[in-house]
Amino acid sequence: MAAYGLYTHIASNRFRSMLLLAGLFALVYVMVYAGALIAEVMIDGGAPADYYLAAAARDLLKAFPYATGAAILWIVIAYFFHQSIVDAVTGGQDVTRKEQPRLYNLLENLCISRGIPMPKLKVIESDALNAYATGLNQRQYAVTVTTGLLNALDDREIEAVLGHELTHIRNGDVQMMVIAVIIAGVVGFFAELLFRSFTNFGYYGGYGGGSWSSSSSSSSSSSDNNRKSSGGGAVIVIIVAVALIALAWLLSQLVRLALSRSRELLADAGSVELTKNPDAMISALRKIENRGELPGATSAVMELCLDNPREGFADLFATHPSVDSRVQALVKYAGGHDPGPLALPSDTADGPDDQPQPSTGEVTPPLPKGPWSDATDPAGASQGPSQGASQGPWGNPAGPWGRR
């Protein structure tokens, strides 16, 4: 589907996302087939490879309705309880206009201006700078922000962040991501289950190993060769099953991450479309950059956030585009201006900044700044030998490296 503007890009992304979700759901049946291969080898370790492949296919047809029902049940459970699970992990709490009038009014104004139903508003008590949207239907939609974000961003930047999260809700990204995380969780669960069953019961203890050893001592050389070839077929089938499990797990993660990456750029653009202020979105991203780590949050929760500072291996498993690439897109397509990386007051509050001395007649001794500060600090030198010795690198009670 060709895309030429914001809304066609949204429709194209939604179409591709549905295809990816369908492929992700198909991986569940790949896992079932791999499990059937392992089960057939455990039952009879002396058959040829083509027998296992055909038997596993028959098992897949029999298990198809049960596998589908189990996956749907998993989705139904998450449908009703995913918000409670996310809140339990992050500590999000519902707030009202009375508790957070500034935040509530900003979100309400955005919703009224575009005729968007007002989602629930939640706040996390955390110094991290982040936000995310959750929910699978109109009654469940919620936007959650951290107190660190509220303290660090001004009104126009917070409005841009809220517009970003509202765009996720409008575009259906939230539902897709929650379902993708759920299905990827199903694949991961069965992958671990099959690997544990395989290592505990079959491969090392001998799937039919006893029959091979007992038959080899009482059969002719031709039958020995047949059994060896059959045993080789079992080994090949086990290798195929393990490869299918590993491939299904890897693809499930890549599909989930591809869904997450593709939606962020469109949500940034949607925020600009809502607020008409690309510079606010850019400065919000610059302030949030590398400051969004939520303590105790799982990787699935971090995928829902505005920014995920957890990096993947060579960006292969990165859940979000880099802030630089998102800012460059806003500069190129929305006409914004990039101020570059922004420092916050909290970044230097505890650092060894050069603080101006009080303009009084009395000279105050400087705070120890580290092992090398005494050599260049004239105030420290003016305190006399005993004072200088007490502030040296080994006499400093704050440690040899000074205050942190």
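For the range 59-68, 3J(HN,Hα) computed residue by residue from phi via the Karplus equation (6.51, -1.76, 1.60; θ = phi - 60°) reads 5, 4, 4, 5, 8, 3, x, 6, 5, 5 Hz, glycine and proline entered as x.
You can think of it this way: the chain between residue 68 and residue 250 has 63.4 nm of extra reach, that is 0.36 nm per residue less the Cα-Cα gap.
Legend: residue pairs 122/276; 120/276; 120/332; 98/122, Cα-Cα distance threshold 22 Å; pairs beyond threshold, 122/276; 120/276; 120/332.
Here the 3J(HN,Hα) profile of the range 335-342, calculated from phi with Karplus coefficients 6.51, -1.76 and 1.60 at θ = phi - 60°, is x, x, 10, 8, x, x, x, 10 Hz, Gly and Pro shown as x. Please give me the summed charge of the neighbours of residue 36: other residues whose Cβ is under 10 Å from its Cβ, Lys and Arg +1, Asp and Glu -1. Spelling it out: positives minus negatives among the neighbours equals 0. Sorted on the mean count of surrounding Cβ atoms within 10 Å across their residues, most packed first, peptides 301-308, 21-28, 334-341 read 301-308, 21-28, 334-341.
Ranked by the mean number of other Cβ atoms within 10 Å of their residues, highest first, the peptides 283-294, 43-54, 150-161 fall in the order 283-294, 150-161, 43-54. For residue 128, the shell of other residues with beta-carbons less than 11 Å away shows a net charge of -3, using +1 for Lys and Arg and -1 for Asp and Glu. A simple spin-label model places the labels of residue 243 and residue 111 5.3 nm from each other, with each point 7 Å out along Cα-to-Cβ. For residue 89 and residue 51, FRET efficiency with R0 = 41 Å and r from the beta-carbon atoms, rounded to 0.05? Given R0 = 41 Å and the Cβ-Cβ separation, E is 0.30. Placing a label point 7 Å from the Cα of residue 329 along the Cα-to-Cβ direction, the residues of the range 144-170 whose backbone N falls under 19 Å of that point are 160-170. Sequentially through the range 286-293, phi angles give Karplus couplings (6.51, -1.76, 1.60; θ = phi - 60°) of 5, 6, 6, 3, 6, 10, x, 5 Hz, Gly and Pro residues having no value and appearing as x. Quick one: which residues, 5+ away or cross-chain, put their amide H under 5 Å from the amide H of residue 146? H built at 1.01 Å from N. Those qualifying (amide H under 5 Å, at least 5 residues apart or on another chain) are 124, 130. With both labels modelled 7 Å from their Cα along Cα-to-Cβ, the residue 290 to residue 147 distance reads 2.6 nm. Here residue 196 and residue 139 are evaluated by their C-beta separation; at R0 = 30 Å the FRET efficiency comes out at 0.20.
Every number in this text was worked out from the coordinates using simple rules, so none of it is lab data. From a predicted model like this one, the values you see are computed outputs, not experimental measurements. All Cβ positions, glycine included, derive from the backbone under ideal geometry; neighbour counts span all protein chains shown.
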